[in-house]
Amino acid sequence: MYERLIGVRRSLTTAPADEIVECLGGALAKAYGVTGTELLQVDYRIAALLPLCGDGPVTSPGDPAWRSFDHQAEILHEDTLYLPVTMRGDRIGVLRLRAVPDDPRLRDELAEIATSLGHELAAVRSSTDRYSVAARTRRLTLAAEMQWELLPGRSRSRSSFSLAGQLEPAYAVRGDSFDWADDGHRAWLATVNGMGEGVTAATLTTLAIQALRNARRAGLSLADQASLADQAVYAHHRGVQHIETLLLELDLATGKVLAVDAGSPRVLLLREGEVVEQRLEAQFPLGMFDGTIYHAQSFDLQVGDRLFVLSDGISDATATNTRYGESALERFVRRTRPLAPLEAVRSLLGDVRAFVSGDLVDDAVAVCLDWTGPQH
């Protein structure tokens, strides 16, 4: 049992970066008699599962592959097994295996292998373009390429929290972005709403995000992180360009949140079925003036609370002179309660796209954060 599992894992770690799935398929056929190994990656828009090697995209929500992806569970359909490929909460896609016997112990081993595959794909992402290219339904603009490469991932989970974020229009986003990190004691979240168009907006966002990371990694307080990034943006643009930013720091032991609202996106709190806007004192956007001093505010989360951080590109989305609006937004946020954060973000943005009958014209960023209890 363990020998074959170790052997398959070894095939993953020793495979050339661009041939991981093919080497895995050969190892699975030899060790388990499984055939038809295929990796289905979720595309940038979270609208299709795209095969790495063949067939067409999987777009039907009721397909077993999508059920495996959405519920993060193994799905056995006839003799085909679907397993989520996820790395520390970052959902990459689904592993599809054919000719799988109905043996629970064997399926448990294959599920472990699918998780190992997720870690290997994350490890080689910077050394080969194969998987990034295969996850696209069309070409990204240069600005969008810059934005997606800047992200820490699309979703993250630990015992005390889970979160997910998405950019729209996925293949042509310009200035909106998000960033996060955690260290076992705290989790940090930054969302930015950059001004400008094209590469100019993407470059401004990159400068702000990297400045915030530099300050965070230096151990500075949340307010000082904002001040350092503010200085970096002002030094480069002299106030001509600035960037709206929200910084959050969540204490994983208590649920206390520190916040710096620098002209930020909206924060909606979903608690016990009710949606309220988390009001924060607005401060100047980063880079607007020289030497702005920022201060942090605080609020507390209760176990089971959900936060949505949303840029104005969502509520301001317009179709035939009608705005999507705050009321529709709050109604839909309330309906996301049964969904995991990534499903919630995907569903919300899908509803907005349906409202405008296509891609959003303005940039939009949506991040969903669930507080599930103290970190032990």
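Taking amide H as placed 1.01 Å from N in the peptide plane, the amide H of T86 sits under 5 Å from that of I92, G118, each at least 5 places away or on another chain.
Using only Cα atoms, locate the centre of the range 121-163 and the centre of the range 1-73, then give the distance between them in Å, rounded to an integer. Their Cα centres are 17 Å away from one another.
Convex hull volume of the Cα atoms of the chain, normalised per residue: 146 Å³. Taking the longest Cα principal axis of the chain as reference, the axis of helix 104-124 is set at about 50 degrees. Coupling constants for the range 341-355 follow from the phi torsions by the Karplus curve (6.51 cos²θ - 1.76 cosθ + 1.60, θ = phi - 60°), and in residue order they are x, 5, 5, 5, 5, 4, 5, 4, 5, x, 5, 5, 4, 5, 5 Hz; glycine and proline get x. Our note on the geometry: Cα centres of the range 197-218 and the range 249-277, 23 Å apart. Extension gain, R4 to K256: 0.36 nm times the residue separation minus the Cα-Cα distance gives 86.1 nm. The long axis of helix 20-32 is offset from the longest Cα principal axis of the chain by roughly 40 degrees.
If you sort the three axes of the alpha carbon gyration tensor as a ≥ b ≥ c, you get a/c of 1.5 or more for the range 99-219 and a/b no higher than b/c, which makes it oblate.
Our summary gives the chain a relative contact order of 14 percent, counting only alpha carbon pairs under 8 angstrom and 6 or more residues apart.
Residues in the range 242-252 carry Karplus couplings, in order, of 9, 9, 6, 9, 10, 10, 10, 10, 9, 7, 6 Hz; the curve used is 6.51 cos²θ - 1.76 cosθ + 1.60 with θ = phi - 60°, and Gly or Pro positions show x. Overall, the anisotropy analysis places the range 310-376 in the prolate class: the square-rooted eigenvalues a ≥ b ≥ c of its C-alpha gyration tensor yield a/c not less than 1.5, with a/b exceeding b/c.
Remark: the range 178-187, residue by residue, has Karplus-estimated 3J(HN,Hα) of 8, 8, 8, 6, 8, 10, x, 10, 9, 10 Hz, where x stands for each Gly or Pro and the curve is 6.51 cos²θ - 1.76 cosθ + 1.60 at θ = phi - 60°. Residues whose amide H falls under 5 Å from that of G263, counting only those 5 or more places apart or on a different chain, are T245, Q283, with hydrogens built in the peptide plane.
For the peptides 203-216, 106-119, residues were scored by their other Cβ atoms within 10 Å and the scores averaged per peptide; the highest-first order is 203-216, 106-119.
Out of every Cα-Cα pair that the range 1-74 contains, those further apart than 17 angstrom amount to 54 percent. Using the rule -39500 (n - 2.57) for each DSSP H run of four or more residues, divided by the residues of the chain, the 222 nm mean residue ellipticity is -11500 deg cm²/dmol. Under 5 Å from the amide H of K256 lie the amide H atoms of D251, L301, each residue being 5 or more positions distant or on a separate chain, with H modelled from the backbone and absent for Pro and chain starts. Cα gyration tensor of the range 49-110, axes a ≥ b ≥ c as square roots of the eigenvalues: rounded (a/c below 1.5), prolate (a/b > b/c) or oblate? Oblate, because a/c is 1.5 or more while a/b does not exceed b/c.
Just checking the listed ones, G313, G196, G62: in the Gaussian network model of the chain with Cα springs under 10 Å, the one fluctuating most is G62.
Here the range 2-134 is treated as a sphere whose radius is the Kirkwood value from Cα pairs; by Stokes-Einstein at 10 °C and 1.306 mPa s it diffuses with a coefficient of 109 µm²/s.
Rule-based calculations on the coordinates, nothing more; no lab input. Please read all numbers here as calculations on a predicted model, not as lab measurements. No Cβ is skipped: glycine too gets one built from the backbone with ideal geometry, and neighbour counts run over all protein chains shown.
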